[in-house]
Structures are given as C-alpha cells and as structure tokens.
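The values are calculated or read from the model by the stated rules, or taken from the named source; none is laboratory data. Note that the structure is predicted; figures quoted are calculated from it, not measured. Heads up, the Cβs are rebuilt from the backbone with ideal geometry, glycines too, and the neighbour counts pull from every protein chain shown. With ligands, DNA and RNA removed, areas are computed over all heavy atoms of the protein, side chains included. Shrake-Rupley method; radii C 1.70, N 1.55, O 1.52, S 1.80 Å.
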Amino acid sequence: MSALDRLDRLDRRYTAIICDIWGVVHDGGQLLPGVIDRFKQFKSEDRKVILLTNAPRPASTVQAHLDQLGLPRELYGAVSSSGEAGIAGLLELGQPVGFIGTIEDRDDLLRRGVEIVEEGFSEVACTGLDERSDNPEAYRTRLQALAERGVRMHCLNSDRVVIHLGNLEACAGALADIYEAMGGTVTWYGKPHRPIYEHARRLAGDPPLDAMLAIGDGLQTDMLGAARFGIAAVYVSHGIHAGEPVPADFAARYGLGGWAPILTVEGLA
C-alpha cells in the first residue's frame, strides 16, 4: 500500500488535523496539488482541520491570503498563527518596541496596536528579513549592535526558511538563530513551541491528544513541535526539505524517545 493510500485510509481516531500551511497547503503564490480534494475528504470523514502557521501575521491576514488563493473557508475550522501569538506577547509588554521586517508586516503590527519606535527600545519585534536584503548574513552588524545593548528579540516566525513560489526564502528564525549565537536573548513564538499547539487544540474543541494529527513539512518546526506536544504526525517530504527523509537519529537528537511520524508523503496528493 502506498503512502497516499495509507493517508486515504487514515485511522478514524484522528478527528483533529493540525495542518501546516506553507509547503503543505500553498507555496506562497498558489495552492499545492490535491489540497482542496484532501480537505474535502477530511471534512467528509468528520475530521476538523485547524491550520497552524509560523507566518508572522495575524490570523485574519493569513485567512485573507488563503481566500485569494482559492481555499474555501468551509473546508477548515480556524487558523492559528505565530504572528497572532507574537502580537499578544508584544501588547502585554506595554511599551514601544523596535522592528525588523517588511513594511507590510510593520503595518500589520501597527494596526493591531503595537507601538514601534526607531530608537530607545529594549525589545525588538522580528517578523523576518526586510526589503533591503534577503540574506540573513547581511544583518549581522545590526544584530550585533542590538545584542550589545541587551535588547530582547521577539521572533514572530520561528521558521528558518520557507518555499516561496518554488524558491527557498529565509525567515525570521534564521535571524533569531544568528542573534542567539551572538549571545542575544530571543523569545520564540509559533512551532515548535507549546503555546501555539495549545491554542490550536482549543480551536479544535479540546480533543484528546491521541485524536490529534499534525501534518507538516518542517523537521525543526512541524515534526519537533508535534513530538514535544505528544501527538502523531505526517511528514510532507517534498516541502522545504526537498525530498529528504526524516533523519534516522531525529528522535535521539531531540530526546523524543521512540517517536516518529506515522507516515511520510510527498504531498497531499
């Protein structure tokens, strides 16, 4: 039986599907093959799909993008985004923050009430690389200056890379890795960290953990997050890892015991 046949015959105990977006549902510019049919199947089997993304943007913005790409809202229950969690964390600070990211992402934060300043801040929101450079190494001087001042970075997208229109594109997580290596302090939001999974579980109606199944293409995010949260997962190999299998030492490397994905597929179709 092929991997897709096994996905077609997925155990009925999995009633809550926690599905990654970038690399599984779309590539930034179009829906990936088979997504709508797969989600229709899940709905016909009374499985609730919650879309879980490390996008550094509010859930409403993510959903509007899905609308533009043609994914019917009736095929999924809700969206839980890293950006939503990050915005909540920034607002709880009750103080202005610096910013690293695109103008569009900056506008999103401003609309949600986050106060952004150019100097005199002790916290900085990072949504990703800005329009000036798409190479994380180009940010080292700027990041070093922040680290020397003891500024805490809030990483609103813990992805290191995503596939955008077929090309690898660096994300905020790549900058946060550099920052931590310099001795800087980072507060991470999104996968693989527990709070975003707890939020997704609530959106799914608080099912038992053994009824939840994650689907994703990121080893450090989707697979690690699912394992640490205690749920099963399906690994989509032809996303950011371009066909690479789950490493044989993956569980040992992260102290996950005998955990492994229940299934590896190239995509949802």
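For the range 172-209, the set of residues classified as touching a strand residue (DSSP E or B) at 6+ places or on another chain (Cβ under 8 Å) and either open to solvent by 60 Å² or more (accessible area, probe 1.4 Å) or part of a loop (DSSP other than H, G, I, E, B) (or both) consists of Glu180, Gly184, Thr185, Tyr189, Gly190, Lys191, His199, Arg201, Ala204, Gly205, Pro207, listed by residue number. The residues in the range 82-105 that are charged (D, E, K, R) and over 19 Å from Val186 (Cβ atoms) can be counted, and the count is 1.
Looking only at the range 220-260, residues that are open to solvent by less than 10 Å² (accessible area, probe 1.4 Å), assigned to a loop (DSSP other than H, G, I, E, B) and among the hydrophobic types (A, V, I, L, M, F, W, C) come to 1 in all.
Screening Ser158 against (1) over 19 Å from Ala85 (Cα atoms); (2) in a loop (DSSP other than H, G, I, E, B) leaves a single unmet condition, (1).
Matching residues to (1) out of contact with any Lys or Arg (no Cβ under 8 Å at 6 or more places or on another chain); (2) closer than 22 Å to Cys171 by Cα:
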{"residue": "Thr221", "(1), (2)": "no, yes"}
{"residue": "Phe229", "(1), (2)": "no, no"}
{"residue": "Pro247", "(1), (2)": "no, no"}
{"residue": "Ala260", "(1), (2)": "yes, no"}
{"residue": "Val265", "(1), (2)": "yes, no"}
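For His164, the test of being surrounded by 15 or more Cβ atoms within 10 Å (Cβ to Cβ), farther than 16 Å from Gly225 by Cβ and not acidic (Asp, Glu) is passed.
Of all residues in the range 43-68, those satisfying the criterion of being under 20 Å from Cys126 (Cβ atoms), of a type outside the set (Val, Ile, Thr) and either open to solvent by 40 Å² or more (accessible area, probe 1.4 Å) or part of a helix (DSSP H, G or I) (or both) are Arg57, Ala59.
Leu146 fulfils the conditions (1) buried (at least 17 other Cβ atoms within 10 Å of the Cβ); (2) closer than 28 Å to Gly267 by Cβ except for a single criterion, (2). Listed by first and then second residue, the pairs linking a residue in the range 1-27 that is more than 25 Å from Ser158 (Cβ to Cβ) to a residue that is of a type in the set (Phe, Trp, Tyr), with Cβ atoms under 9 Å apart and 6 or more places separating them unless they lie on different chains, are Leu10/Phe42.
Among residues of the range 36-49 that are over 11 Å from Glu74 (Cα atoms), those with a beta-carbon under 9 Å from a residue that is assigned to a strand (DSSP E or B) and among the small types (Gly, Ala, Ser) at least six positions away or on a different chain give the pairs Arg47/Ala16.
Just to be sure I understand, how many residues within the range 210-219 are closer than 21 Å to Arg47 by Cα, touching an Asp or Glu at 6+ places or on another chain (Cβ under 9 Å) and either among the acidic types (Asp, Glu) or assigned to a loop (DSSP other than H, G, I, E, B) (or both)? Working first, answer last.
Residues of the range 210-219 closer than 21 Å to Arg47 by Cα: 210-217.
Narrowing the set further to residues that are touching an Asp or Glu at 6+ places or on another chain (Cβ under 9 Å) leaves 213-217.
From the residues that got through so far, the ones that are either among the acidic types (Asp, Glu) or assigned to a loop (DSSP other than H, G, I, E, B) (or both) too are 217.
Number satisfying all stated conditions: 1.
For the range 24-52, filtering for residues that are of a type in the set (Val, Ile, Thr) and in contact with a helix residue (DSSP H, G or I) (Cβ under 6 Å, 6 or more places away or on another chain) leaves 3. Based on this model, can you work out whether Leu71 counts as open to solvent by less than 70 Å² (accessible area, probe 1.4 Å) and either of a type in the set (Asp, Glu) or in a helix (DSSP H, G or I) (or both)? Answer is no for this residue. Within the range 131-147, the set of residues being at pLDDT 95 or above and among the charged types (D, E, K, R) comprises Glu137, Arg140, Arg142.
Annotation: Glu169 fulfils all but one of (1) modelled with pLDDT under 95; (2) outside any strand (DSSP E or B); (3) of a type outside the set (Val, Ile, Thr); the unmet one is (2).
Taking the criterion of being of a type in the set (D, E, K, R), in contact with a Ser or Thr (Cβ under 9 Å, 6 or more places away or on another chain) and part of a helix (DSSP H, G or I), no residue of the range 129-142 qualifies.
Residues that are touching a residue at least 40 places away in the same chain (Cβ under 8 Å), open to solvent by 20 Å² or more (accessible area, probe 1.4 Å) and in a loop (DSSP other than H, G, I, E, B) within the range 84-128 comprise just one, Arg112.
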